[in-house]
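First comes the structure, then the notes that go with it.
Just so you know, all these numbers are worked out from the coordinates, no wet-lab data involved. Here the structure is a predicted model, which means the values were calculated and not measured. Every residue, glycine as well, gets a Cβ built from its backbone with ideal geometry; the counts of neighbours run over all protein chains shown.
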Ligand code: IMP
């Protein structure tokens, strides 16, 4: 896997952290290419649980370099806390690299995010209130503060002043907030600079050198295709592009450096925040998925909205990403919930049906999923380690999804533990070699 991109194929929270963690073991570099601490992944290692928001999960592997690419927005307080938290648990951060070109989340971004949501009232986006949108907005407006600015106090102060000035009107209710004092903000960020300096690097060059040397680079996306700023359910999206194409921009490599793209999907669907969700279940089955799957946000703790697997949206995500492999996580959560439904088309209340994901938001907001029913299974599948270990109904479920999407299943998750996975592609390769 010289250049492999891992992306979410739904509305985020598909279990990318665990997949990255598993693949990181074999990768030389893991680089995150977009998003910020709106993401969160939990990695289970034996009895230990690690919750990370910014640092790629590969940090747990000694031999893997872990980079935060230029496309990520970094809250330096969160990042320094994460580094310290790992160190306290005996995990060093010597392998961490931070792009000098990544933009930083500033206190006024967090305040603007919260104020923006309050202003929208019932039309709010349901953001994570981490300042992600305002930070990317400043980046585009060329008012952003970058990691490299931490290294020069004079430049830092000048840039903060220029960026904060246009926001005074919007932040008037916070005028006396000590967090917004130019002097103390500059001091605070200079301190972060001292703590982070040793990790700051040219991460694009790092990727080129590794790829040139024939080593493998794993590009780790956050969120998911349906939260994409351009192609997702706008405006109920995040402010970056969580699709594979963005790996090039957010890490600094060309499309020809990417060999494979794996999309991660749960065996069902979840969403946090507002916005359309045609296969949502607001009934006892939805509650059961939430309970069985532990569907509460890693970043905000919010209960996630749950529903059946939406194949219309998943096929759309497959095209957007040019997916070469599909990873299906949490198949075990469906055990005992039979018969199962999968969304195969949408129907508008006025009668029109849609086989493809509709581009018009008025259609999408009122679309209801139509389903194909598939048999469920009762057997405990958590100790399955090959496709043959699964009951026939579970195998049929996977086949149906792969056929519908037109992308082969490469990995299946059957429980939260690191070993609770089925490596489909590898087992197939081995079988072919043996034949
Ligand atoms: P923001 O990214 O905080 O601006 O939030 C915009 C939308 O993206 C909201 O609906 C959030 O709930 C959603 N979102 C952002 N990050 C994640 C994630 O990691 N998982 C799931 N949803 C997310």
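Numbers for the structure displayed
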{"quantity": "Theoretical FRET efficiency, 1/(1+(r/R0)^6), r = Cβ-Cβ of residue 89 and residue 155, R0 45 Å, to 0.05", "calculated": "0.80"}
{"quantity": "When the range 386-435 is reduced to its Cα atoms, the Kirkwood hydrodynamic radius in Å", "calculated": "11.8"}
{"quantity": "Extension gain from residue 209 to residue 386, taking 0.36 nm per residue of separation minus the Cα-Cα distance", "calculated": "60.1 nm"}
{"quantity": "Length added when fully stretched, residue 249-residue 428, from 0.36 nm per residue minus Cα-Cα", "calculated": "61.1 nm"}
{"quantity": "Protection proxy ranking, peptides 152-165, 299-312, average beta carbon neighbours within 10 Å, highest first", "calculated": "299-312, 152-165"}
{"quantity": "Rel. contact order, % - alpha carbon contacts under 8 angstrom, at least six apart, the chain", "calculated": "19"}
{"quantity": "Radius of gyration, Dmax [the range 272-343; alpha carbons; angstrom]", "calculated": "13.2, 36"}
{"quantity": "Label point distance in nm, residue 403-residue 379, each placed 7 Å from Cα along Cα→Cβ", "calculated": "2.0"}
{"quantity": "Inter-site label distance for residue 137 and residue 288 at 7 Å from Cα along Cβ, in nm", "calculated": "4.3"}
{"quantity": "Mean Cβ count within 10 Å, highest first, over the residues of peptides 61-72, 237-248, 86-97", "calculated": "237-248, 61-72, 86-97"}
{"quantity": "Cα pair distances of the range 103-198 binned at 10 Å [whole percent]", "calculated": "16, 48, 29, 7, 0"}
{"quantity": "Computed helical MRE - 222 nm, the chain, DSSP H runs ≥ 4 contributing -39500 (n - 2.57), nearest 500", "calculated": "-10000 deg cm²/dmol"}
{"quantity": "Förster-model FRET efficiency, 22 Å R0, residue 350 and residue 119, C-beta, rounded to 0.05", "calculated": "0.10"}
{"quantity": "DSSP-defined antiparallel bridges as percent of all bridges, the chain, nearest 5", "calculated": "40"}
{"quantity": "Two-site FRET efficiency, residue 370 against residue 260, from Cβ-Cβ distance with R₀ of 35 Å, rounded to 0.05", "calculated": "0.60"}
{"quantity": "Protection proxy ranking of 109-118, 406-415, 140-149 - average other beta-carbon atoms within 10 Å, highest first", "calculated": "406-415, 109-118, 140-149"}
{"quantity": "Contact order relative to length of the range 103-198, as percent, for alpha carbon pairs under 8 angstrom and 6 or more apart", "calculated": "28"}
{"quantity": "Per-residue Cβ neighbour rank within 10 angstrom, fewest leading, 257, 181", "calculated": "181, 257"}
{"quantity": "Folded to 0 to 90 degrees: helix 392-405 orientation relative to the chain principal axis, Cα", "calculated": "60"}
{"quantity": "Projected-area average for the chain over all orientations - Cα convex hull basis, square nanometres", "calculated": "21.6"}
